[in-house]
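To keep things clear, I will list the structure first and then write my remarks on it.
The values are calculated or read from the model by the stated rules, or taken from the named source; none is laboratory data. Small disclaimer: the values here were computed from a predicted structure and weren't measured. In this analysis, Cβ positions are derived from the backbone assuming ideal geometry, glycine residues included, and neighbour counts consider all displayed protein chains.
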Amino acid sequence: MIQVSYNFFDNPALLEIVKTHLTPLLPLLPSWLDSVCVESFMSGDDQQAMDITLSIPYRRASIRVYPDFFDASPSMLHEMVLHEVAHTWTGPVTEWVRSRLLERFSGDHKETLRDEFEERVEAMTQSLAVTLAQFDISTIEGSAEA
């Protein structure tokens, strides 16, 4: 069972928005995950609404929610959360490829390759999120504890 915790949400209404969009998607999380920590950050990149960090050896994911998240429409919120969930599936392989591939290059080649790789990873992750969005997630059962 995946343990989910929520930190730094001073506003209960904002916490409820996050839970409303994340809770139905918890059954989609991969079995390698043991815990997910969702944290609210009231400052950050102006273009960023959410991000995720995976700690694969510790079987954890940390999702950070930024102020721009709360300005989005309900359908965009759903898509953003699905995108972060998709990263839990693409992340283990992309982290491995990133570390192995990029260590073989240096200088401008490394920077160019890293940029191209990141662009493709985000496109693949978004494609997975868009595909998942086509399904009725409410019919999926799973085990996660919020």
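Details
- Screening S106 against (1) small (G, A, S); (2) closer than 22 Å to L132 by Cβ; (3) at pLDDT below 95 leaves a single unmet condition, (2).
- Selection of the stretch 1-39 for residues being part of a loop (DSSP other than H, G, I, E, B) and within 21 Å of D136 (Cα to Cα) yields L29, P30, S31.
- Some residue of the stretch 73-82 being out of contact with any helix residue (DSSP H, G or I) (no Cβ under 7 Å at 6 or more places or on another chain) and crowded, with 16+ Cβ neighbours inside 10 Å: no
- S138 meets the stated requirement of being surrounded by fewer than 13 Cβ atoms within 10 Å (Cβ to Cβ) and touching a residue at least 60 places away in the same chain (Cβ under 8 Å).
- Across the stretch 56-90, the qualifying residues are those that are at pLDDT 90 or above and among the small types (G, A, S), and the one among them that is nearest to F135 (Cα to Cα) is A86.
- Restricting W96, W89 to residues that are among the aromatic types (F, W, Y) and under 12 Å from the mean Cα position of the chain (by Cα) narrows the list to W89.
- Residue pairs whose Cβ atoms lie under 8 Å apart, separated by 6 or more positions or on different chains, with the first residue in the stretch 40-67 and more than 19 Å from E95 (Cα to Cα) and part of a helix (DSSP H, G or I) and the second at pLDDT below 90 and of a type in the set (S, T, N, Q), are P67/S43.
- One residue from V130, V36, V65 being out of contact with any helix residue (DSSP H, G or I) (no Cβ under 7 Å at 6 or more places or on another chain), within 24 Å of M1 (Cβ to Cβ), surrounded by 13 or more Cβ atoms within 10 Å (Cβ to Cβ) and not small (G, A, S): V36
- Scanning the stretch 69-113 for residues that are without any contact (Cβ under 8 Å) to a residue 24 or more places away in the chain and under 17 Å from D51 (Cβ atoms) yields D71, A72, M76, R98.
- The combined condition, being in contact with a Gly (Cβ under 6 Å, 6 or more places away or on another chain) and either at positive phi or surrounded by 17 or more Cβ atoms within 10 Å (Cβ to Cβ) (or both), is fulfilled by L54.
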